[in-house]
Every structure is written in structure tokens, then in C-alpha cells.
Amino acid sequence: MPYELESDLERELQGEWEEEAEWERSPGCVQDIPKLDPIKPKGLTLGRIQCPTRNTAFPILSRVVASAVKMLDTTIGELTRARDAACRGEFMVGPTDVARCWLKYRLGVCIDDTSTWTKSAFRKVESEPISVAEVIRRLVRPRNLIASNWITYVCVENDPRRCSPTTNAFVVVRDDAGVPLRTPDRIHLCPPFWSDRHAEYREQTIIHELVHMTHYAGQGEDRRVGVSIGSPECLAQFVVASNGKRLDPGQSTRCGFTRQCGLVSKECRGLMRTGGTVHGGTKTPGTLPDWKP
């Protein structure tokens with residue numbers, strides 16, 4: 001899937017102009033990564049749930065939202081610590097081999113190049129390489145959105161047009177004319193989201209929808225195999241994999257490999273399977289190349 005740069009309108013809607021935002025700064029790097037907002041002390045509140053026929057919606061979603069924030073924080077922290085070390089010219093500890101495989105061969109981030117770790121979070125043209133800072137920024141935005149207790153979760157019980165038997169959730173980010181909505185603030189949850197077999201993968205679903213909301217990615221992107229950071233499913237799977245969690249088997253093939261940074265190594269190519277269960281790791285952990293940009 002080709003990567004799409006965010007339009008000026010989309011960046012303006014998110015308040016991401018440098019003069020209007022506070023930035024994390026590390027010595028030796030040009031950075032424009034938003035800070036992590038404080039998590040609301042009470043977490044998800046009951047008023048943010050519109051599920052009149054599901055009595056268990058609030059406790060389930062409270063756990064899922066808290067878990068999704070924690071998973072995003074883990075991935076962001078891992079990338080930030082490694083990048084800060086690179087910015088200081090120090091030896092990088094982390095991210096994990098699994099995260100590096102995903103960065104290089106799924107998201108198209110050429111991490112063997114030192115400049116990939118030190119460049120800013122925005123590109124002027126599509127041909128510029130993707131930086132680690134851009135990946136962090138694209139994770140901070142959905143993380144701050146879900147941590148703010150600003151999203152309303154709406155149960156959709158009977159809408160065959162929107163909720164097919166394989167649809168877990170959806171969001172509306174553009175109007176009928178294709179113009180980005182200024183306040184996409186609702187995640188619609190379909191019946192499969194609540195099934196017991198999907199319980200383990202609810203965080204992946206929520207993170208996927210958050211990326212749609214923060215980057216105005218159209219639902220059409222979900223109908224083809226994605227690669228790179230322009231794919232909501234690839235970003236969601238990256239977070240899941242880097243947290244050592246299992247990928248949703250119904251979505252595992254929706255993020256492909258990219259040769260943007262070279263031929264995919266055999267160590268990073270496969271998903272680890274145990275008893276038919278798909279994991280976000282590699283077939284041979286511990287045998288990956290020495291990652292020294």
C-alpha cells in the first residue's frame with residue numbers, strides 16, 4: 001500500500017503545527033514529537049459508552065482501554081529510549097528484535113541508517129525515508145486520544161451494511177464528500193467485537209480504529225493488504241507484536257512485508273506459530289542479525 005503524506009488540513013485539524021505544540025526534545029536531534037498527555041485519573045467513564053443492551057460493556061471496555069493505553073506506552077517508550085540514545089550518539093539498547101523486524105520489513109523504516117533514528121517526525125515529500133520519530137508521532141496521537149477519555153463507544157447491534165459477520169468495529173472519519181471530520185470521536189462496535197473468541201484481540205481492534213481517527217485513513221484501506229505506516233492494521237499489529245501479544249488470526253494477513261529497506265530476512269519473514277496460534281514474533285528468536293545502525 002503506498003504511503004500517503006498527511007495533508008495540511010489533516011495536520012491543522014490535529015493541532016500539529018510546531019509553533020502550537022509542546023515537543024519532547026533530545027540533545028543532538030531535530031524533534032517534533034508531541035508529549036504523552038496525562039492519563040485521565042478515572043479512566044473510561046460510563047457516560048462514554050452507548051451500549052444499552054450490553055450490561056457488561058463498561059467493565060469490558062474499561063479493561064480494554066486501560067490495556068490499550070499501556071500497550072501503546074510500552075511501544076512508544078521502547079522506541080523513544082532507543083532513539084534518545086541514538087540522538088546522544090550512544091549505544092542503543094533496544095528496541096527488541098521483534099520490534100526491529102516489524103519496523104524494517106513491515107513498516108518500511110530503514111533502521112540500519114543512523115539518520116532514520118535522528119531525523120524529525122515530518123517529511124516534506126513522500127520520497128523521503130520514514131523516520132523512527134514519525135512512527136513515534138503516529139503512535140502518540142492515538143495514544144493521547146484514547147487516554148483522554150474523549151472517545152464515545154457505540155454498540156451497533158443491527159446494521160448489516162456496516163457490521164458484517166467479520167466486522168469488529170468501524171469509525172467514520174470523513175463526510176460524504178470525503179472531507180475529514182473535525183471531531184471524529186466515536187468508535188462503533190459490532191457484535192463480533194463482544195464474542196469470547198475475540199476477547200484477546202480487542203485492544204488490537206481499538207488501536208486499529210484509533211489510527212483511522214487520528215490519521216483520517218479511509219475504510220477502503222482495510223480491504224487490501226497493507227504495508228508501511230499508512231496502514232492502520234500494520235500500526236496496530238506492530239503495537240501488539242512489540243508487546244509480545246498474539247495477533248488476531250482474522251487480521252494477521254492484512255499487513256504484508258515490504259522491500260523498501262531491502263530483501264526480507266528469513267529470520268524476520270515468518271510469524272511464530274505454536275499449536276496453530278499466530279504470534280507477532282519471528283520463527284527463530286535469538287538468531288537475528290546484529291542491529292547496529
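Restricting the first member to the stretch 249-266 and to residues that are closer than 14 Å to Gly226 by Cα and at pLDDT 90 or above, and the second to residues that are hydroxyl-bearing (Ser, Thr, Tyr) and surrounded by fewer than 16 Cβ atoms within 10 Å (Cβ to Cβ), no beta-carbon pair is closer than 8 Å while six or more apart or on different chains.
The single condition among (1) surrounded by fewer than 23 Cβ atoms within 10 Å (Cβ to Cβ); (2) without any contact (Cβ under 8 Å) to a residue 60 or more places away in the chain that Asn149 does not satisfy is (2). Against the definition (part of a helix (DSSP H, G or I), among the aliphatic types (A, V, I, L, M) and either at positive phi or buried (at least 23 other Cβ atoms within 10 Å of the Cβ) (or both)), how does Ala86 come out, yes or no? Criteria not met by Ala86.
Exactly one residue out of Tyr201, Tyr216 is within 23 Å of Ala68 (Cα to Cα), aromatic (Phe, Trp, Tyr) and at pLDDT below 80: that is Tyr216. Among the criteria (1) out of contact with any Gly (no Cβ under 8 Å at 6 or more places or on another chain); (2) at pLDDT 90 or above, the one Ala82 does not fulfil is (1).
Rundown of residues vs (1) over 15 Å from Gln237 (Cα atoms); (2) without any contact (Cβ under 8 Å) to a residue 24 or more places away in the chain; (3) assigned to a helix (DSSP H, G or I), yes/no style:
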residue: Cys101; (1), (2), (3): no, no, yes
residue: Leu107; (1), (2), (3): no, no, no
residue: Ser120; (1), (2), (3): yes, no, no
residue: Ser127; (1), (2), (3): yes, yes, no
residue: Asn144; (1), (2), (3): yes, no, yes
residue: Cys163; (1), (2), (3): yes, no, no
residue: Thr166; (1), (2), (3): yes, no, no
residue: Pro192; (1), (2), (3): yes, no, yes
residue: Val211; (1), (2), (3): no, no, yes
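Looking across Ile76, Ile49, Ile33, one residue alone is modelled with pLDDT under 90 and buried (at least 18 other Cβ atoms within 10 Å of the Cβ). It is Ile33.
The values are calculated or read from the model by the stated rules, or taken from the named source; none is laboratory data. No experiment lies behind these values; they were computed from the predicted model shown. Every residue, glycine among them, receives a Cβ derived from its backbone with ideal geometry; neighbour counts consider all protein chains shown.
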